[in-house]
């Protein structure tokens, strides 16, 4: 269980840093107009908000510390 907490914490910490630095993006598509069965859609890439990355860093750090301090 200790190793699992530490590994998950490291993964969350790494992903949190990646998001916080602004490298994480996702595709967003929205319908601009629709007339009957015809749709006009626009697709754009948006950046994942930095506070999500900060939360990942904090939670990952807590999991790493919890895994390191947990007694058998």
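Structure data summary
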| item | result |
| --- | --- |
| Degrees between helix 50-69 axis and first principal axis of the chain (Cα, 0 to 90, nearest 10) | 20 degrees |
| Within segment 41-55: backbone nitrogen closer than 18 Å to the residue 30 label point (7 Å, Cα to C-beta) | 41-49 |
| Segment 1-26 versus segment 44-72: alpha-carbon centroid distance in Å | 6 Å |
| Full-stretch length increase - residue 3, residue 44 - with 0.36 nm per residue and alpha-carbon distance subtracted | 10.8 nm |
| Estimated FRET transfer efficiency when R0 is 35 angstrom, pair residue 70-residue 23 (beta carbons, to 0.05) | 0.65 |
| Structure-based [θ]222 nm, the chain - -39500 (n - 2.57) summed over DSSP H runs of at least 4, per residue, nearest 500 | -18500 deg cm²/dmol |
| Over the chain, equivalent-ellipsoid semi-axes from the Cα gyration tensor in Å | 40, 12, 7 |
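Readers should treat all values here as calculations from the given coordinates under stated rules, not as data from a laboratory. All values reported here derive from a predicted model rather than from experimental measurement. All Cβ positions, glycine included, derive from the backbone under ideal geometry; neighbour counts span all protein chains shown.
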